[in-house]
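Down below is the structure, laid out as structure tokens.
The values are calculated or read from the model by the stated rules, or taken from the named source; none is laboratory data. No experiment lies behind these values; they were computed from the predicted model shown. Neighbour counts are summed over all protein chains in view; Cβ atoms, including those assigned to glycine, are modelled from backbone coordinates with ideal geometry. Just so you know, the surface numbers come from the protein's heavy atoms only, side chains and all, with ligands and any DNA or RNA stripped out. Shrake-Rupley method; radii C 1.70, N 1.55, O 1.52, S 1.80 Å.
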Amino acid sequence: MKAAFKIVNLDPPIGYPMAGFSERNHGSEGLHDHITGSVLVLDDGKNKAAIVSLDIIAIDSTVTKKVGELVAKNTSILSENILIGAIHTHSSIDATRINGVHAKINNLTYNEGQIAYYNLMIDKIAGIIIEADKDLCPAKIGFGVSTCVGLGTNRNDPSAFYDKNVNLLKVESIDGQLICLLVNHACHPTVLNHNNFLYTADFVGAFRETMNDVLHGAKVMYLQGAAGSASCRYTRKGSTFKDAKKLSNHLAAAVIDKMDDIEVSDHLEISCSWGKITLPVKEYGTEEEILAQIDSYKTKLDLMKKENADPKEVRKMYVTLQGAERNLNAKRRNKYKEISANIQLLKLGPCSIVTLPGDVFGEIGRDVCALIDGPCFAAGYANDFIGYIVSNELL
């Protein structure tokens, strides 16, 4: 077994539109922490695989395709063996999925600068994979799982299902030095809200900073899980960088508690397969029904504000109102009856990583992994983005 870990800087230009919150009325004002891409390349002697994590909201399938083509031309890594996930921070540049379903449904347009960033991002991702492939060294790998309490909950009901599991993939050199620690957990990185105009990886950036201090170097990457229904809405005290740091410490504690217990092996087999899913698009009802919902939610929101209701519940109602307004826009613009996307299954010995191409609810990630023997990582926002994917049990 051989491995290599690399990081590339993806800092966007200041002033560009940010993703995640429609309330923002202007572009970014600066940089709080670096927007990066990290890559882990693994080689079992016969097959290679690359796992990529990006500090952005999402990518489209064009990114996955073009990165795969560039890497396959310059290495022996097969394009289908590349997994690209986004951490889904709501405080990075918007122009990272310009050819996807999201942009088409919302009729979004991008200027030359945004398109240039998108294309440069693709080149940088491919470049860092190619660079890592040249730096492979003998390695050992192992898997573990911990539990995190305190970072997030179900974003709609704190008593409802929330996956507390923290999946760990540890890669060491032959002499026991840590090469990479990949952490997979499901929680929206939305401690910072729409009032933040600084680029940031949110709690993920704070978590990596803490872990890299502990490990004396940049060796940690974060693979977002099925976080569509998970956030820190009910755990955060405020929406500052200090709050992000405090919440990230819960995740750091969970990881530190288990990482040294992971047993590693110098041999495992890599394999990869792909499949396609086709999902029906939500039925929105009539325009009159949606307008009535919007009026109802506005009335409830105004009443909650007048009664000084719990800010978390006010935010929940506000987001519900936003959802209804987005449904109205989608009703008017969306021509799709169903949407198709690809799902990747990357096998690393006993461990499976399943990609989920959107804002996938935690119940789906849970149920997918329940079908698979051995350790399983559900990787949301990976290889594509087709929007929210809601569990049938919640419809």
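Residue ranking by accessible heavy-atom surface, 1.4 Å probe, largest first, among LYS6, LYS298 comes out as LYS298, LYS6. For a 4.7 Å threshold on C-beta separation, the list of partnerless cysteines in the chain reads CYS137, CYS148, CYS180, CYS187, CYS232, CYS272, CYS351. Using only side-chain charges placed at the Cβ, +1 for Lys and Arg and -1 for Asp and Glu, the dipole size of the chain relative to its Cα centre rounds to 620 debye.
Sorted on the mean count of surrounding Cβ atoms within 10 Å across their residues, most packed first, peptides 35-44, 216-225, 321-330 read 35-44, 216-225, 321-330.
The charge dipole of segment 203-351, taken about its Cα centre with unit charges on the Cβ of Lys, Arg, Asp and Glu (plus for the first two, minus for the last two), comes to roughly 660 debye.
Going by accessible surface with a 1.4 Å probe and the largest first, HIS267, HIS185, HIS26 read HIS267, HIS26, HIS185. Each residue, ASN74 and GLU288, gets one label point 7 Å from its Cα in the Cβ direction; the gap between the two is 5.9 nm. Projected label points at ASN308 and ASP257, each 7 Å from Cα along the beta carbon direction, are separated by 3.7 nanometres.
Before I look further, what does the chain give for accessible area per residue, probe 1.4 Å, in whole square angstrom? Here the residues of the chain average 44 Å² of exposed surface.
Under 19 Å from the 7 Å Cα→Cβ point of GLU131, by amide nitrogen: which residues of segment 1-28? Those under the cut-off are 3-13.
In the complete set of protein chains, residue-level accessible area for LEU215 is approximately 30 Å², probe 1.4 angstrom.
Output the antiparallel fraction of DSSP beta bridges having both residues in the chain, as a percent to the nearest 5. Before the final figure, lay out each step's value.
On the way: 52 of 71 bridges.
Bridges in the chain are about 75 percent antiparallel.
With springs only between Cα atoms under 10 Å, which of LYS306, LYS124, LYS316 fluctuates most in a Gaussian network model of the chain? Top of the fluctuation ranking is LYS306. Helix 241-259 and the long axis of the chain differ in direction by around 40°, with both axes built from C-alpha atoms.
If I take R0 = 25 Å and measure r between the Cβ atoms of ASN195 and SER296 in this structure, what FRET efficiency does the formula 1/(1 + (r/R0)^6) give, to the nearest 0.05? Once the sixth-power term is evaluated, E becomes 0.40.
Within the accessible area of the chain, the carbon and sulfur atoms contribute 50%, probe 1.4 Å, all protein chains present.
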